[in-house]
Amino acid sequence: MLEGKGPIKEAYATGANGTIERRHLVSDPNWKKIPYRDGYMELQKFEMRDANITINNPNPRRTLLLNLFLLESDRLRQQWLLHDLINSKNILGKFDGSLFIYMRDRRTENNLIQKSILQIDKVNMDIVGATQGPESPLSWITSGSLDLVAEINSDPYFQYEDSNYTDWMLSIPAASDSEEEPQINIKFNIFLNNLTAAVPYGIEGMSYIKSGLIKSVVAFMNSNYTTINLNFPVDMEVHDFDGCWTPHDAGLLERIGDGVWDSMFAMMEEQKKPNQIISHVKTVLNSVPRGLAFMWRQVFAYYTMFLFNNQS
C-alpha cells in the first residue's frame, strides 16, 4: 500500500453488468501512451465470471454485447492491462454473438516461453473494418464474416536483473547487451468468408503503388468471396504494451492491417502463375453452386416476406 499500488492484491467478481459508452470519442492525432502513476491498480490475481457488458461504439453505430463467462489472470496491472490480458490463463465468452476462447497451452505453463491460443468465429466484418484504417483491405469489405485463430508466444515472467525494478515490468529500463528484451510473437490464421468488397475513394496518405493496386485487391476479394485464408506473423516488443489498454494503443491493429495487405498481395501474385490458374478456375467453379444457393435463399426470403405483407 505504501508503494502506491493499493491494498487489494486479489480480486474476484461475479455477475457484473454495465455499459461502456464510447460514441462521444473522436480520434486524437496527438494521443500518447498513458504514463505510470502512483496508485494504479496492480493485482496479483484476478478472476471474473458471468459478466454482461454493453458497448456503444462510434463505429459501427450499433450496440455490441460482450458476455464474459470466465476470465482468469495471474496478474492484472492498470499500466500493463493489455499485456496481462494476453498472458491470462483462460478467457471464455461471446462478443456480438460470436463465441471466443483464449486459453494457455498447459504443456508450456512451466516453460520460459508460454503459448496461448485465441479462437473466435463468425465475427461480422463491420466490426473488423471499424478497427482498421481506410488504407487496410479489411475496411473495404462491405459484408461477410471472419474466423480467426491466433497463436501467441510470450514470456510473462521476464524480469530485468535490476534491483531498482523488483516488480515485473513496472518500469522498463534499457536492456543490457547480454539480455535482450523478449518479443511477443503472434501467428495469425484468418479466414474471410462470404465477402463483398467495394473500391474506396479519397484515401489520404496512401502510396501511389498501393493506390494503383486497390481495384485489383477489391476484384481479388470479390472473385474469391467464398473463403480467403490469410496467414502472417506479427512480432512486438514488450515495451510496446507499456501504458496500453487496447490493441489499438499498442499498435497491434495497424500491424494486423499490414499483415493482411502483405498476405493478400502474395496470394494475388501466386494466382498469376500458370500452374495456379487452373486451380483458381476450379475454385471459382466450385464456388458457383454455393453462390447460387445463397442467391436462392435471398430470393426465397424476399418472396416469403412479400407474401406475408400481402396477406396482412
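Summary table below
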| item | result |
| --- | --- |
| Residue list for segment 214-271, filter: open to solvent by less than 30 Å² (accessible area, probe 1.4 Å) and outside any helix (DSSP H, G or I) | 224, 226, 228, 230, 232, 234, 236, 243, 244, 251 |
| Close pairs from segment 188-208: first under 25 Å from residue 119 (Cβ atoms) and of a type outside the set (S, T, N, Q), partner surrounded by 10 or more Cβ atoms within 10 Å (Cβ to Cβ) and modelled with pLDDT under 85, Cβ under 6 Å, at least 6 apart | 195/225 |
| Residue 94 being touching a Leu at 6+ places or on another chain (Cβ under 9 Å), over 21 Å from residue 22 (Cα atoms) and surrounded by fewer than 18 Cβ atoms within 10 Å (Cβ to Cβ) | no |
| Where a residue in segment 250-265 is under 16 Å from residue 187 (Cβ atoms) and its partner, wherever it lies, is buried (at least 18 other Cβ atoms within 10 Å of the Cβ) and small (Gly, Ala, Ser), with Cβ under 8 Å and at least six apart | 260/136 |
| Cross-chain or 6+ apart pairs with Cβ under 6 Å, segment 113-126 first and open to solvent by less than 50 Å² (accessible area, probe 1.4 Å), then assigned to a strand (DSSP E or B) and among the β-branched types (Val, Ile, Thr) | 116/152; 125/141 |
| Qualifying position, being over 24 Å from residue 11 (Cα atoms), open to solvent by less than 20 Å² (accessible area, probe 1.4 Å) and either modelled with pLDDT under 85 or polar (S, T, N, Q) (or both), among 136, 73 | 136 |
| Sole residue being open to solvent by less than 90 Å² (accessible area, probe 1.4 Å), within 24 Å of residue 250 (Cα to Cα) and more than 22 Å from the chain's Cα centre (by Cα), chosen from 45, 33, 9 | 45 |
| Yes/no for residue 17 being open to solvent by 80 Å² or more (accessible area, probe 1.4 Å) and more than 26 Å from residue 124 (Cα to Cα) | no |
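The values are calculated or read from the model by the stated rules, or taken from the named source; none is laboratory data. Just so it is clear, the model here is predicted, and its values are computed rather than measured. Note that each Cβ is placed from the backbone with ideal geometry, even for glycine, and that neighbours are counted across all protein chains shown. Remember, those area values only see protein heavy atoms, side chains included, never the ligands or the DNA or RNA. Shrake-Rupley method; radii C 1.70, N 1.55, O 1.52, S 1.80 Å.
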